[in-house]
């Protein structure tokens, strides 16, 4: 087991150990540690449940079937395929979390590429950019949204009502960058693609149960159920079907222990650092004018330096709960901005690993430069939409 741990796994474990050391030495008081961890309890339940649902949904070939039918529906037209792929990636990100798009949808799209004789890089860039920029609309779309919900004080419906315009702006800018730099004919070289031959689903019962579980999750969210409750209900439906039809696929590998360790360590380390000088630095960076553009820029910049989760948590600490616009602007920066460096978000790290396994070469210089352009334009457009319509 130790031999299978990668560099990222050791970093996550190290972060948790560091947090426990802070608690043991009193740098983080016990009551503060308990309060911080109680805040993320429901979030961890949601994360585990929704990733199990997503993994088993992929095993049931739901994503494969949708991707293949999208390619068939496009009838060889790249413009049609482009809109279908961006809509699919945005939908999965919004309703099933950005990590689902990065971890599960990316392999599906990359497997589709050779079947339809499509260049893999445009499909890969579509999944990772929209995994980040399409994660603003609902609390479940991104862990940063869930982290901020208690302080922001909005219900799911109220949150969506504030973020629909910023979300449209972020997706629109992302689509422009995707088309100009990856999808237009000068970049992809081919005039048309070959629609794949549809293959039958292996187990229709599992397919139907997984699809029903995803729909149940979405419906429960729309009627106002807590995200943890909705995710657990969906997981019960999907896991029950696999218990009856394919019990051998239910393994401990479905549990995202790496993410649980990382988030737990994060919620011990950041409060400790905030109490020992970090908060003063964050206050200086965002200023006292409550400028949403400046706050979003700081969130985006820190995300690309240290990862968007610790960046959000560090800045959120110094913003009063009454300043909802300020907090929502921070979310815009930490969700749309982390598209420059490979470590800017957990989703991007997982995406790079998926590309490596599928032998998809990602030109790093190009990734950084175009990502920087998207981060600047996308964040600015998103905050403008938030200020104007949100």
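The values are calculated or read from the model by the stated rules, or taken from the named source; none is laboratory data. Just so you know, these numbers come straight off a predicted model, no measurement behind them. Glycine also receives a Cβ, built like all others from the backbone with ideal geometry; neighbour counts cover every protein chain displayed.
Only one of the numbered conditions (1) part of a helix (DSSP H, G or I); (2) loosely packed, with under 14 Cβ neighbours inside 10 Å is violated by residue 202, and that is (1).
Which of the residues spanning the range 211-221 are free of Cβ contacts under 8 Å to residues at least 60 places away in the same chain and either over 15 Å from residue 49 (Cα atoms) or surrounded by 14 or more Cβ atoms within 10 Å (Cβ to Cβ) (or both)? Before you say what the answer is, go through the steps one by one.
Residues of the range 211-221 free of Cβ contacts under 8 Å to residues at least 60 places away in the same chain: 212, 215-216, 219-220.
212, 216, 219, 220, listed by residue number.
Just one of the listed residues (168, 128) is within 27 Å of residue 48 (Cα to Cα), out of contact with any strand residue (DSSP E or B) (no Cβ under 8 Å at 6 or more places or on another chain), in contact (Cβ under 8 Å) with a residue 60 or more places away in the chain and in a helix (DSSP H, G or I), namely 128.
Residue-by-condition table, conditions (1) at pLDDT 95 or above; (2) on the phi > 0 side of the Ramachandran plot; (3) surrounded by fewer than 14 Cβ atoms within 10 Å (Cβ to Cβ):
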site	(1), (2), (3)
171	yes, no, no
181	no, no, no
184	no, no, no
189	no, yes, yes
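Scanning the range 105-118 for residues being outside any helix (DSSP H, G or I) and surrounded by 17 or more Cβ atoms within 10 Å (Cβ to Cβ) gives a total of 1.
Quick one: which residue in 285, 302 is at negative phi and under 25 Å from the mean Cα position of the chain (by Cα)?
Working: 285 fails: under 25 Å from the mean Cα position of the chain (by Cα).
Being at negative phi and under 25 Å from the mean Cα position of the chain (by Cα) holds for just one of 285, 302, which is 302.
From the list 233, 296, the one residue that fits, being touching a helix residue (DSSP H, G or I) at 6+ places or on another chain (Cβ under 8 Å) and surrounded by fewer than 19 Cβ atoms within 10 Å (Cβ to Cβ), is 233. Scanning the range 240-249 for residues that are touching a helix residue (DSSP H, G or I) at 6+ places or on another chain (Cβ under 7 Å), in a helix (DSSP H, G or I) and surrounded by fewer than 19 Cβ atoms within 10 Å (Cβ to Cβ) turns up 245, 249.
Across the range 250-293, the qualifying residues are those that are assigned to a loop (DSSP other than H, G, I, E, B) and under 19 Å from residue 330 (Cα atoms), and the one among them that is modelled with the highest pLDDT is 291. If you take the residues of the range 145-156 that are modelled with pLDDT under 90 and assigned to a helix (DSSP H, G or I), which of them is nearest to the chain's Cα centre (by Cα)? Among them, the one singled out is 146. In the range 67-86 there is no residue matching the filter, namely being under 22 Å from residue 263 (Cβ atoms), at pLDDT 85 or above and assigned to a helix (DSSP H, G or I).
Within the range 328-356, count every residue that is over 16 Å from the mean Cα position of the chain (by Cα), surrounded by fewer than 23 Cβ atoms within 10 Å (Cβ to Cβ) and either assigned to a loop (DSSP other than H, G, I, E, B) or touching a residue at least 12 places away in the same chain (Cβ under 8 Å) (or both). Total satisfying the criteria: 1.
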